[in-house]
1. Is it fair to say Ser266 is among the small types (Gly, Ala, Ser) and open to solvent by less than 50 Å² (accessible area, probe 1.4 Å)?
2. What are the pairs, 6+ residues apart or on separate chains, where a residue within region 216-227 that is within 11 Å of Thr196 (Cβ to Cβ) has its Cβ under 6 Å from a residue that is of a type in the set (A, V, I, L, M)?
3. State the number of residues belonging to region 93-113 that are in contact with a strand residue (DSSP E or B) (Cβ under 8 Å, 6 or more places away or on another chain) and open to solvent by 40 Å² or more (accessible area, probe 1.4 Å).
4. Run down Ser286, Ser276 and say which single residue is touching a residue at least 40 places away in the same chain (Cβ under 8 Å) and either part of a strand (DSSP E or B) or surrounded by 18 or more Cβ atoms within 10 Å (Cβ to Cβ) (or both).
5. Every residue in region 34-52 that is modelled with pLDDT under 95 and open to solvent by 60 Å² or more (accessible area, probe 1.4 Å), please.
6. Look at region 111-128 and say how many of its residues are touching a residue at least 40 places away in the same chain (Cβ under 8 Å) and closer than 10 Å to Trp143 by Cα.
7. Restricting to region 175-205, count the residues that are at pLDDT below 95 and part of a strand (DSSP E or B).
Amino acid sequence: MGTPGEGLGRCSHALIRGVPESLASGEGAGAGLPALDLAKAQREHGVLGGKLRQRLGLQLLELPPEESLPLGPLLGDTAVIQGDTALITRPWSPARRPEVDGVRKALQDLGLRIVEIGDENATLDGTDVLFTGREFFVGLSKWTNHRGAEIVADTFRVRSGTSLGREGVQDFAVSTVPVSGPSHLRGLCGMGGPRTVVAGSSDAAQKAVRAMAVLTDHPYASLTLPDDAAADCLFLRPGLPGVPPFLLHRGGGDLPNSQEALQKLSDVTLVPVSCSELEKAGAGLSSLCLVLSTRPHS
């Protein structure tokens, strides 16, 4: 991998989970969360799946909704995937830990090598992990602790890039970034292109991106967006040859103030989606899907 972003390989599959009716009530979604407009949340989720499948050309795998898992659609928290390796996370909230079971099985069925977290002292949410193509940054937040970050390092420093049936070890640097406030790291910053980090304008977002700049040995351009939530985007290389990369991002209906800044990302095709209703349950865009590059067993 010669340049930052080359490790953000071509994508073939996306995994999402349907929105259950239990998410519609504040009680079902969890203490302190507002009630949702279920029809609107399901409509947003359906549009996201359609964009992944039709606009980006990915094979879409949809897990059915589970009423016992109201936050199940936030399956980006349940796994960290790079190459053919999937680290199954251990969410901070015990009530969310059963969410990993269906994700584990789906990724196993796709032929990924599964790594489990056996340490009961570790907490790790997948949306605290940002992969730039050359290295990992793990946010130390309310949701993810030092032990969780150490397990990310143990997993991807040693085995990331190993494909089933052959040895091919790729060593990625893994650095920790303090995250202040209630956000995950990817709720503050993300990859806006192969060499560009985008970040929100809040103090928490700017502190995180400055910490990343100090820790890295790789040159990244940076772009500040008015809204932190706009930095929670997904840079995706489609599986079709000759097709330019996409940036899946929150559209103007959600975050109008950030649209002009996003237009500065000239090396990607912008694909807007909405998740304003799902956001009420704590969903960021990157938490609503898992994207991977693999082929199912024939």
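The values are calculated or read from the model by the stated rules, or taken from the named source; none is laboratory data. Just so it is clear, the structure is predicted and the values come from calculations on it, not from any experiment. Cβ atoms come from the backbone with ideal geometry, glycine included; neighbour counts cover every protein chain shown. Areas reflect the complete protein model, heavy atoms only, side chains present, ligands, DNA and RNA absent. Shrake-Rupley method; radii C 1.70, N 1.55, O 1.52, S 1.80 Å.
1. no
2. Tyr220/Val197; Ser222/Val197; Leu223/Val198
3. 4
4. None of the other options fit; the residue is Ser286.
5. Within region 34-52, Pro34, Ala35, Asp37 meet the criteria.
6. Residues flagged as touching a residue at least 40 places away in the same chain (Cβ under 8 Å) and closer than 10 Å to Trp143 by Cα within region 111-128 amount to 5.
7. So the answer is 1.
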